[in-house]
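Student: The following block contains the structure, expressed as structure tokens.
The values are calculated or read from the model by the stated rules, or taken from the named source; none is laboratory data. Nothing here was measured: the structure is a model prediction, and the numbers come from that model. Note: ideal-geometry Cβ built from the backbone for every residue, glycine included; neighbour counts use all protein chains shown.
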Amino acid sequence: MSSAAAVIIAILMLAAALAAATLQKLMHATLSFAAALVGVAAFFFLFSAEFVGLVLVFVYIGAVAVLIVFTILLTRRDVGNDRGVNWGGAFLAVAVFGGLTLAILKTQSVTIVAPHIRTLTVKRIGEALMTSYVWPLLCVGLLLTAALIGALVLVMEEKR
Amino acid sequence: MTPTLQTFLIISAALFCIGLLAVLSRRHAIFILIGIEMMLAAANLNFIAFWRFSPQPMPPTGVMIAIFSIAIAAAEAAVGLALVIAVYRHYRTTNVDHLDQLKG
């Protein structure tokens, strides 16, 4: 795990995230959001969790970002009345960041370097999903079904 | 110099706070959803970082939690965007400042 790669990915990811949080045009913000998620996936690759990185790219950029774009297109009439950044929120976010950073810097047990590990194969993940994590997997399946049915019911046109 | 866990925790705290900034300072419902998704991604980054830096990372617990949390984030985004569309149909706006019918 090289330091230079981590720094470059971090700068690109945080810049894209900041753009997503502050840009005025919704479509530009959504594209920056997708770029920030590419940065998160790059971190997952850096942590040798390639499978999760790919899942993140597929689910977030392939599904969630496209869903957001569709919602923007469906609610198009109402763009451009955002009044920009509200300074109270910005102050609170900076305060939370300061508190978190202080807490992280004061914690001694997190100043460790990554151990050497065997690569985590997809086979192992599949085995774990089918043995120790089979109930959570089923629950997530049920939750996804319920959420998607709920989303369909919410957007269905009411019959008059 | 190899980066320590501390570096990645601070990076993910920064991503979380940018998400918080988007949630607190924007008035458009879709921006608020984008902020929530960024906060969830920061939490996932933390899970994976703690898993990678733990002394015995072989039971892939952090990876599993990240996978489940990504699935739940997808469900949340679907329901959230459906709510945005439903609210838009009803009020003809997605500005959360205008949704004040229940305000006393």
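Student: Return the residues of segment B:52-92 that are of a type in the set (Phe, Trp, Tyr) and at pLDDT below 90; say none if nothing qualifies.
Tutor: B:PHE53, B:TYR88, B:TYR91
Student: Looking at A:ALA17, A:ALA4, A:ALA93, A:ALA10, can you tell me which residue is under 16 Å from B:LEU33 (Cβ atoms), of a type in the set (A, V, I, L, M, F, W, C) and outside any loop (DSSP other than H, G, I, E, B)?
Tutor: Of A:ALA17, A:ALA4, A:ALA93, A:ALA10, the one residue that is under 16 Å from B:LEU33 (Cβ atoms), of a type in the set (A, V, I, L, M, F, W, C) and outside any loop (DSSP other than H, G, I, E, B) is A:ALA17.
Student: Follow-up question, since we're still on this one. Can you go through A:ALA42, A:ALA29, A:ALA65, A:ALA17 and tell me which one is touching a residue at least 24 places away in the same chain (Cβ under 8 Å), of a type in the set (Gly, Ala, Ser) and farther than 30 Å from A:ARG118 by Cα?
Tutor: A:ALA65
Student: Mind listing just one residue for me: the one in segment B:49-104 that is in contact with a helix residue (DSSP H, G or I) (Cβ under 8 Å, 6 or more places away or on another chain) and assigned to a loop (DSSP other than H, G, I, E, B) and, of those, surrounded by the most Cβ atoms within 10 Å (Cβ to Cβ)?
Tutor: So the residue we want is B:THR94.
Student: Could you grab me the full set of residues in segment B:48-68 that are within 20 Å of the chain's Cα centre (by Cα) and touching a residue at least 24 places away in the same chain (Cβ under 8 Å)?
Tutor: Across segment B:48-68, the qualifying residues are B:ALA49, B:PHE50.
Student: Is there a residue in segment B:26-48 that is at pLDDT 90 or above, among the acidic types (Asp, Glu) and either surrounded by fewer than 22 Cβ atoms within 10 Å (Cβ to Cβ) or in contact with a His (Cβ under 9 Å, 6 or more places away or on another chain) (or both)?
Tutor: So far as segment B:26-48 goes, no, none of its residues is at pLDDT 90 or above, among the acidic types (Asp, Glu) and either surrounded by fewer than 22 Cβ atoms within 10 Å (Cβ to Cβ) or in contact with a His (Cβ under 9 Å, 6 or more places away or on another chain) (or both).
Student: Output the residues belonging to segment A:96-112 that are among the polar types (S, T, N, Q) and either at the interface with chain B (Cβ under 7 Å from one of its Cβ atoms) or not in a helix (DSSP H, G or I) (or both).
Tutor: Those that are among the polar types (S, T, N, Q) and either at the interface with chain B (Cβ under 7 Å from one of its Cβ atoms) or not in a helix (DSSP H, G or I) (or both): A:THR101, A:THR107, A:THR111.
Student: Another question, then. Tell me the residue from A:LEU120, A:LEU144 that is within 10 Å of chain B (Cβ to nearest Cβ) and at pLDDT 90 or above, please.
Tutor: Only one candidate passes the filter, namely A:LEU144.
Okay, residues lined up against (1) farther than 14 Å from B:MET64 by Cβ; (2) more than 9 Å from chain B (Cβ to nearest Cβ); (3) in contact with a strand residue (DSSP E or B) (Cβ under 8 Å, 6 or more places away or on another chain); (4) surrounded by 15 or more Cβ atoms within 10 Å (Cβ to Cβ):
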| residue | (1), (2), (3), (4) |
| --- | --- |
| A:ALA114 | yes, no, no, yes |
| A:THR131 | no, yes, no, no |
| A:LEU148 | yes, no, no, yes |
| A:LEU152 | yes, no, no, no |
